[in-house]
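Written out below as structure tokens is the structure these notes cover.
The values are calculated or read from the model by the stated rules, or taken from the named source; none is laboratory data. Quantities reported herein were computed from a predicted structural model and do not represent experimental measurements. Positions of Cβ are backbone-derived with ideal geometry, glycine not excepted, and every protein chain shown enters the neighbour counts.
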Amino acid sequence: MRRLRLSAQISILVASMIVLTLGVALLLFNYQLRANLEEAQGERVMGLAAVLADREDVKAALAARPIVHDPRSPLRQEIERLRERLGVDFITVMDLDHLRLTHPDPDEVGRYFRGGDEDPALAGESYVSRSEGTLGVSIRGFSPVVDAQGTVIGAVSTGVTLTRVGLLLAERRQSLLIGIALLMLVGASGAWCLARYIKRILLGFEPHQISQWVRERQAMLASLHEGVLAVDGGGQVTLVNPAACQLLDPSAADDGSGIPTATLKELFDSGVPALDRRLTLNGRALIVNRVPIRGERGAGGSVVTLRDRSEVNRLAEELTGVSRYAQALRASTHEFKNRLHVILGLVQLRDLGRLERYLRELDDTLIAPAAARIAGVRDPILAGFLLAKGSEARERRVEFEIDLESEIPAPDESEVLHLLVSIIGNLVENAFEAVAGREAPRVSLSLGVDGGALSLHVSDNGQGMAENQRQQVLQQGFSSKGEGRGYGLSLVKAHVESLGGSLALYSTLGRGTLVEVTVPYAMAVTQVTDGVT
């Protein structure tokens, strides 16, 4: 079954409410109008009866003996002229015996007054009554006629039938109905405008579509590993997904939002967009993106996404580390193939003496010295990486020196090892690129552990950097080597900060660059035990 559109539902609902409301109002107004009209007519006919009862010709006709009950009498003719001019249905003068002296119908003259409500008037009272007479149900006004001595000698009754009241009511109801119709037209127009306005606020979507999207959004937010928060224009949190709760530690909240107030201020303090901003909140390093929500009247809040910087760094390090490993292994493989070709050639020539001397030379000049340079590196991954970088340096024809100031024990966490590989790989790679094209390219790496901290120095004799380059080189995306570069040193800085260390860069234009890094370094328990034993 096809659903009605929201605009149609709103229009039908509002129009129905308007029709129902105005219908009830019309009934109430009609009832009140009839009541007011009958009350006004009652006061009018009672006033007319009082005026007529005070006429001298009426008193004279009732005081005469015998009383004349003739339809052709001058009194009846004068009373009829007055009745037509005053717009009432009857004016009846009656004597104490309830006999009529005047009536619109000549045949009723001399007959008894009908209705049964005339007795109080003949007793001296003035009042309004409703009763049925010869002309039908009417509203009657009564007033007694008294002589000069104050004795009641008869009564006058004037009245209008309900038919006449109905005609008057119909005339006034017509204007009321015109007003009701105008109100309905205005209400229908308002309903249409309201439907259009609500439709515009809902961006043209139907309620069932929005409800489906809300359910989908809730499921999507719950499945995201990134934290998502939203605040409205008044600073109230309107959305927090489970990942954001874990990242921001809502157990420390000091307001009703579930998020610490200081955290909210730091995240949403500015209404301008912020991309990949680094923040440390509740002891956790985060990468924050903030995008303002633009409403019809300007900014209407913000949406913030949060990512754990350690996870991002780990992913970036994995990508960078794989690239570095692959590059170093490619160099080692290329170098190994060249030596293997020499060995195969000597074997094919069956020159065993020359083969023996060549192998001894390899061991004396390459294998033994390289192994000796990394003998103090206890972690096989780091040691293998340094050997591979040495092979890469030889392929690039760069003199690469590795100086171990102390034994380098294995770290207690594998994540620290991965970050160190990324840091060393980026710094050495930048140094290799810096010395490219120099007459005697030289790069040196020194490592040492002392007092629970690891320090490393990477220096080169490249072109160096000017002061303005030194101040910008650690910013993400800055590079003098073209587009798509400028991420190595910024990644090194992020890794060092995530480890709680420090980085210093020194460079002199034309003389080279030195990078010093110091990070906390906790040794593995097994390594400490091996050292003691």
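General observations
- Residue 141 being touching a Gly at 6+ places or on another chain (Cβ under 7 Å) and of a type outside the set (A, V, I, L, M, F, W, C): yes
- Any hit, the range 43-60, residues being closer than 21 Å to residue 106 by Cβ and either β-branched (Val, Ile, Thr) or not assigned by TED's automatic domain parsing to the domain that holds residue 159 (or both): yes
- Here residue 92 does not qualify as within 27 Å of residue 37 (Cβ to Cβ), in contact with a helix residue (DSSP H, G or I) (Cβ under 6 Å, 6 or more places away or on another chain), crowded, with 16+ Cβ neighbours inside 10 Å and of a type in the set (S, T, N, Q).
- Residue pairs whose Cβ atoms lie under 6 Å apart, sitting 6 or more positions apart in sequence or on different chains, and linking a residue in the range 339-357 that is under 24 Å from residue 395 (Cα atoms) to a partner that is assigned to a helix (DSSP H, G or I) and charged (D, E, K, R), are 346/354.
- Residue in the range 34-54 that is out of contact with any Gly (no Cβ under 6 Å at 6 or more places or on another chain) and assigned to a loop (DSSP other than H, G, I, E, B) present: yes
- When 65, 72, 81 are checked against the criterion of being exposed (fewer than 13 other Cβ atoms within 10 Å of the Cβ), farther than 28 Å from residue 164 by Cβ, more than 40 Å from the chain's Cα centre (by Cα) and assigned by TED's automatic domain parsing to the domain that holds residue 125, 65 stands alone in meeting it.
- In the set 169, 183, 177, 194, only one residue is touching a residue at least 60 places away in the same chain (Cβ under 8 Å), part of a helix (DSSP H, G or I) and under 23 Å from residue 90 (Cα atoms); that residue is 169.
- Pairing each residue of the range 25-54 that is aromatic (Phe, Trp, Tyr) with any residue that is modelled with pLDDT under 90, provided the two are 6+ apart or on different chains, yields C-beta distances under 8 Å for 29/176.
- Residue check, residue 143 assigned by TED's automatic domain parsing to the domain that holds residue 46, of a type in the set (Gly, Ala, Ser) and free of Cβ contacts under 8 Å to residues at least 24 places away in the same chain: no
- Where strands (runs of 3 or more DSSP E) fall entirely within the range 398-465, those with at least 2 residues that are within 23 Å of residue 491 (Cβ to Cβ) and within 55 Å of the chain's Cα centre (by Cα) are at 442-450, 453-460.
- Pairing each residue of the range 207-229 that is under 22 Å from residue 10 (Cα atoms) with any residue that is in a helix (DSSP H, G or I) and not β-branched (Val, Ile, Thr), provided the two are 6+ apart or on different chains, yields C-beta distances under 8 Å for 207/6.
- Filter result for residue 111 (at pLDDT below 90 and either surrounded by fewer than 19 Cβ atoms within 10 Å (Cβ to Cβ) or outside the structural domain of residue 47 (by TED's automatic domain parsing) (or both)): no
One line per residue, one yes/no per condition, for (1) modelled with pLDDT of 75 or more; (2) under 30 Å from residue 231 (Cα atoms):
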| residue | (1), (2) |
| --- | --- |
| 311 | no, yes |
| 341 | no, no |
| 356 | no, no |
| 367 | no, no |
| 377 | yes, no |
| 392 | yes, no |
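- Applying the criterion of being closer than 30 Å to residue 509 by Cβ, touching a Gly at 6+ places or on another chain (Cβ under 6 Å) and among the small types (Gly, Ala, Ser) to the residues of the range 393-452, the residue that is surrounded by the most Cβ atoms within 10 Å (Cβ to Cβ) is 422.
- Of the residues making up the range 73-95, those that are more than 11 Å from residue 57 (Cβ to Cβ) and touching a strand residue (DSSP E or B) at 6+ places or on another chain (Cβ under 6 Å) are 83, 88, 89, 90, 91, 92, 94, 95.
- Residue count for the range 197-215, restricted to those that are surrounded by 15 or more Cβ atoms within 10 Å (Cβ to Cβ) and part of a helix (DSSP H, G or I): 1.
- Of all residues in the range 135-180, those satisfying the criterion of being out of contact with any helix residue (DSSP H, G or I) (no Cβ under 8 Å at 6 or more places or on another chain), closer than 15 Å to residue 30 by Cβ and of a type in the set (A, V, I, L, M) are 162, 167, 170, 178.
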